[in-house]
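Inspection log for the structure reproduced underneath, given as structure tokens.
The values are calculated or read from the model by the stated rules, or taken from the named source; none is laboratory data. Values in this document were obtained by computation on a predicted structure and should not be read as measured data. Cβ: placed from backbone, ideal geometry, glycine included. Neighbour counts: every protein chain shown. Just so you know, the surface numbers come from the protein's heavy atoms only, side chains and all, with ligands and any DNA or RNA stripped out. Shrake-Rupley method; radii C 1.70, N 1.55, O 1.52, S 1.80 Å.
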Amino acid sequence: MTSASRSQRTLVLALLCVASFAVVFNNLIITPILPEISDDLGVRVAVAGLLVTAYAVAGGVAAIFSGPFIDRLGRKPVVVSGMAILTVATVASAFAPSYPLLMVARSVAGLGVACLTPAVFSAVGDLFSYEERGKAMSWVVSANTSASIFGVPAGAFLSGMVSWRWTFGVLAVLLPDV
């Protein structure tokens, strides 16, 4: 546990919650916009659905290898790098001119997730004492879960109002520089 003040730890916890929310939201936001992506890029909806798989596979496989980097480089640099990768990949998703390039952008977003998720949970363990850790972790998990609740409706709303590309664009603007 670090010697950061309570207010500093509260601020960091809020940023970690935002990062945790962004990971899930970025994944789930794609579900309601799949038909529009399918129409726009000329692929079947089932094929467009593989974008979710690309994000998850890249993130899942890379997460196995991110642990040593998190321990070596520290939590903050990995969280910041992960959020930067996720933001750039989300912008690339908004501007992808073809399905293969969108697939690459979503895979790169998964790499950002591989940095973020384990680093966020590790940072909670570092920043909070044993007595406070459960409460802090519950905030991070709640942020993660709330993305499931808000991600699909928000994606559907944005896509319905503008387009699937704007959905990714707005998400990229909302992703913070943690």
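When the alpha carbon gyration tensor of region 1-64 is reduced to an equivalent ellipsoid, its three semi-axes come out at 36, 14, 6 angstrom, largest first. Annotation: extensible slack from Asp126 through Val57 equals 22.1 nm (criterion: 0.36 nm per residue apart, minus Cα-Cα distance).
Give me the percent of the accessible area of the chain that comes from carbon and sulfur atoms, probe 1.4 Å, all protein chains in place. Roughly 72 percent, rounded to a whole number. Relative contact order of region 54-112, taken over Cα pairs closer than 8 Å and 6 or more residues apart, is 57 percent.
Here the spin labels are modelled as points 7 Å beyond Cα on the Cα-Cβ line, and at Arg72 and Ser142 they lie 3.7 nm apart. Taking 0.36 nm per residue of separation and subtracting the current Cα-Cα distance, fully stretching the chain between Phe65 and Arg133 would add 22.0 nm.
Quick one, what does Rg over Rh come out to for region 31-119 if you take C-alpha atoms and the Kirkwood Rh?
Value, to two decimals: 1.05.
Summarised as an ellipsoid, region 93-178 has semi-axes of 31, 16, 9 Å, derived from the eigenvalues of the Cα gyration tensor scaled by 5 and square-rooted, with the largest first. Dipole orientation for the chain: of the candidates Ala119, Ile37, Trp164, Ala119 has the Cα lying most toward the positive pole (charges on Cβ; Lys, Arg +1; Asp, Glu -1).
So what is the accessible area of region 33-101 per residue, in Å², with the probe set to 1.4 Å?
That works out to 52 Å² for each residue.
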